[in-house]
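Some notes on the structure that comes next.
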Amino acid sequence: MPVIRTPAIVCTVRKHGEHGAVARLFTPEHGLQVGYVQGGRSTAMRPVLLPANLVTAELRSRSPDQLASLTVELSTSRAPYYAEPLAAAAFEWVTLLTATVAPDDQPFPRLYAALAALLELVCVAPSARWWARAMVQYEALLLAELGFGLDLERCAVTGERKDLAYVSPRTGRAVSLHAAGVYAEKLLPLPAFLTSDAEPDWEQLLQGFALTGHFIERQFFAERRADPLAARVMMIDRLKRIAG
């Protein structure tokens, strides 16, 4: 009977039967793993099976086609931060996104490390502006890890690396300010923080979300239910309220 014991991030949980739950966990070496937790809807287990929590998971399955039996031990709880609506929205979106688009059983160690760091930053950052930048960067990394990376190193028209100001909504390639010309209004703004260490303001952060959001919707949700995007809309709306 194959057994996997691993640290993991709880991503999604759904009811299964009268008392159980099916959880999707993101792991550093085994990617997304799905398992059935007996008693997963109990009073004791609900705070453990909370999206964004860090756990130690043990999965046992008799065959690759069988849903694994899952037991979890809590390592780090994010429960206190769910009292803050903006943090709760960030947790919901980024864990749901990962669970929805990443393929099962394929390791993405860079993505796991980035997600773990982002979740921690949501908890400890002195303001949402600090983690909003990391959220945009995580979305861009996810696109890249799954084969849809943006090409932001040089201008698609001239090949130059300077004055990159836009991204083609069709190709995902950068375009310089000079090369954009009369087509600038049809292109997506490229905020400087995605190509440098520049500190973004709120306008640039929202431009970043618009950029990654365009490609996330096109690549992952064009031919499937787009329900997860509602979580993203909620998060960005809450960010806009504090941005003023």
Item checked: Hits in region 49-108 - residues which are β-branched (Val, Ile, Thr) and without any contact (Cβ under 8 Å) to a residue 24 or more places away in the chain -> 76
Check: Just to be sure, is residue 92 charged (D, E, K, R), within 27 Å of residue 147 (Cα to Cα), open to solvent by 30 Å² or more (accessible area, probe 1.4 Å) and not in a loop (DSSP other than H, G, I, E, B)?
Finding: yes
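Condition check ((1) in contact with a helix residue (DSSP H, G or I) (Cβ under 6 Å, 6 or more places away or on another chain); (2) at pLDDT 95 or above) across all residues:
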position	(1), (2)
154	no, yes
161	no, no
170	no, yes
181	no, no
191	yes, yes
Margin query: I'd like to verify a number: residues in region 138-157 that are touching a Ser or Thr at 6+ places or on another chain (Cβ under 8 Å) and either closer than 12 Å to residue 110 by Cα or part of a helix (DSSP H, G or I) (or both), how many?
Written below: 4
Checklist line | Neighbours by Cβ (under 8 Å, 6+ apart or cross-chain): first from region 217-240, surrounded by 15 or more Cβ atoms within 10 Å (Cβ to Cβ); second of a type in the set (S, T, N, Q) | finding: 220/100; 228/100
Check: When you scan region 45-96, how many residues do you find that are among the β-branched types (Val, Ile, Thr), closer than 29 Å to residue 213 by Cβ and out of contact with any Leu (no Cβ under 6 Å at 6 or more places or on another chain)?
Finding: 2
Check: In region 11-32, what count of residues is obtained for those that are open to solvent by 10 Å² or more (accessible area, probe 1.4 Å), under 16 Å from residue 142 (Cβ atoms) and part of a strand (DSSP E or B)?
Finding: 2
Note to self: Looking at region 184-208, I want the residues that are farther than 20 Å from residue 235 by Cβ and free of Cβ contacts under 8 Å to residues at least 60 places away in the same chain and have a partner that is loosely packed, with under 13 Cβ neighbours inside 10 Å and among the hydrophobic types (A, V, I, L, M, F, W, C) with Cβ atoms under 9 Å, at least 6 apart or on another chain. Which pairs are those?
What the structure shows: 192/198
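The values are calculated or read from the model by the stated rules, or taken from the named source; none is laboratory data. Being a predicted model, the structure only gives us computed values, none of them experimental. Quick reminder, even Gly has a Cβ in these numbers, built from the backbone with ideal geometry, and neighbours come from all protein chains shown. Only protein heavy atoms, including side chains, enter the accessible area calculation; ligands, DNA and RNA are left aside. Shrake-Rupley method; radii C 1.70, N 1.55, O 1.52, S 1.80 Å.
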